[in-house]
Structures are given as structure tokens and as C-alpha cells.
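First the structure, in the form of C-alpha cells, and then the observations on it.
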Amino acid sequence: MMRETLRKIRKDFNAALSMDPAATSKIEVALTYAGFHALLFYRLAHWLVKRRIPFPSPRFVQFARFLTGIEIHPAQPSDQACSSIMVWEFVIGETSEIGDNVTLFQG
């Protein structure tokens with residue numbers, strides 16, 4: 001299962017790199033992209049929820065929201081790569097459905 005989560009993180013990273021025309025390098029995406037960072041925290045929280053370890057999950061999500069302004073509910077079943085660019089105060093709820101290769105813009 002952890003291998004699957006790592007595969008999804010790699011897919012998220014590649015989506016952020018390929019979907020944003022302003023992305024110039026892998027290091028830039030890894031260090032500065034809030035959407036990618038929010039997805040990292042979400043993947044960790046979702047992994048814990050799937051294993052019925054609920055307590056730390058909301059803490060990871062709230063910390064990600066504090067850092068990035070993006071909140072993705074840990075029970076939201078997002079298996080697809082997603083790249084969010086230039087967002088602040090952005091929420092993806094538990095019942096939201098996101099399709100393949102989505103780029104989300106605020107407004």
C-alpha cells in the first residue's frame with residue numbers, strides 16, 4: 001500500500017511539472033509549489049485514514065492548510081493526479097469528485 005501511495009505522489013509531482021507552463025525545473029516544483037505540498041500532506045493523511053488511524057489525519061490537513069492555504073479532506077478518495085496552481089483558501093471536501101489530470105485555478 002505504501003508503494004501505491006508513493007506512485008501517486010510521483011504522479012502528482014509529474015502532473016505539477018507538466019501541467020504548469022511556468023514550471024522550469026523539478027527542484028522548483030518540489031520546493032515551491034503549494035499545490036504539490038498540499039497533496040503530499042493529503043496523501044499521508046489519506047493513507048492513515050485508510051488504515052483506520054484517524055487521529056493524526058486532521059492535524060496533517062490543518063497543518064497543510066496553514067502552510068499552503070489548501071485543504072483536502074483526508075477521506076476524499078482522490079486517486080488521480082492533480083495540480084493546483086496559484087490558490088489560497090481552497091477546500092476540496094470529502095464528497096468532491098476530481099477527474100483525471102485536473103489543474104485547479106482560484107476564481
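One line per residue, one yes/no per condition, for (1) at pLDDT 85 or above; (2) over 18 Å from ARG7 (Cβ atoms); (3) in a strand (DSSP E or B):
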site	(1), (2), (3)
ILE27	yes, yes, no
ALA30	yes, no, no
HIS37	yes, yes, no
ILE53	yes, yes, no
LEU67	yes, yes, no
GLN80	no, no, no
VAL91	no, yes, yes
Flag if SER57 is among the small types (Gly, Ala, Ser) and surrounded by 15 or more Cβ atoms within 10 Å (Cβ to Cβ): yes
With (1) modelled with pLDDT of 85 or more; (2) in contact with a Leu (Cβ under 6 Å, 6 or more places away or on another chain); (3) assigned to a loop (DSSP other than H, G, I, E, B) as the list, and ALA23 as the residue in question, which single condition is left unmet? (1)
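The values are calculated or read from the model by the stated rules, or taken from the named source; none is laboratory data. No experiment lies behind these values; they were computed from the predicted model shown. We place every Cβ from the backbone using ideal geometry, glycine too, and count neighbours over all the protein chains shown.
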